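Visitor: Before anything else, here's the structure in question.
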Amino acid sequence: MSTYVLVPGAGGSSWYWSYVARILIDAGHEAVAVDLPGPDEAAGLPEYVDLVCAAIGGRRDVVLVTQSLGGFTAPLVAQRVPVRAVVLVNAMIPAPGETAGDWWDATGWGEARTAAAVRGGYPVEFDLATYFLHDVDRGSPRLASRTCCPEGT
């Protein structure tokens, strides 16, 4: 079976992957959800890449799964360690040489988010629950406590 290394987006919390990790484990795979130092403004892509590479370690048959900002981390990881596949889940995909800061302006995300909110009838002001957690069960103990899954669970 494969090892799925699950990389979160900008928040950096492995708890995002708790349900997916359980499904993968139940199917006989290994799942390693990586915590990244999202709130640490001094940490950037080099630190993220180091942490993901450390989580991969010497594992073989690795499928690297990244979400959102993880789209910037994935190609840098794949340059350093062998991975069988890279899966991008709603990932930010940079143009060659594009920085994460440049990506926001180049994609027109702000205007698109506002237009979608107006069309969908939800608040235009950014709210984490509205924009990122709208389809997550509010009764989830993991969501309520914001705990993350340990490596391999």
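Every read-out reported here was derived from the displayed coordinates using simple, explicitly stated rules and does not represent laboratory data. This structure is a prediction, so every number in the text was calculated from the model and none was measured. A quick note on method: Cβ atoms are made from the backbone with ideal geometry, for glycine too, and the neighbour counts reach across all protein chains shown.
Visitor: Could you work out the longest stretch of the chain that avoids the GluC sites (Glu not before Pro) located in DSSP loops with at most 11 other Cβ atoms within 10 Å?
Guide: 42-124
Visitor: Can you tell which of Thr66, Gly44, Val83 lies farthest toward the positive end of the dipole of the chain, using +1 and -1 charges on the Cβ of basic and acidic side chains (Lys, Arg; Asp, Glu)?
Guide: Val83
Visitor: By count of other Cβ within 10 Å, fewest leading, how are Thr3, Thr99, Thr130 ordered?
Guide: Neighbour counts put them in this order, fewest first: Thr99, Thr130, Thr3.
Visitor: So what is the relative contact order for the chain, in percent, with contacts set as C-alpha pairs under 8 Å and at least six apart?
Guide: 28
Visitor: What dipole magnitude, in Debye to the nearest 20, does the chain give about its Cα centre under +1 on Lys/Arg Cβ and -1 on Asp/Glu Cβ?
Guide: 480
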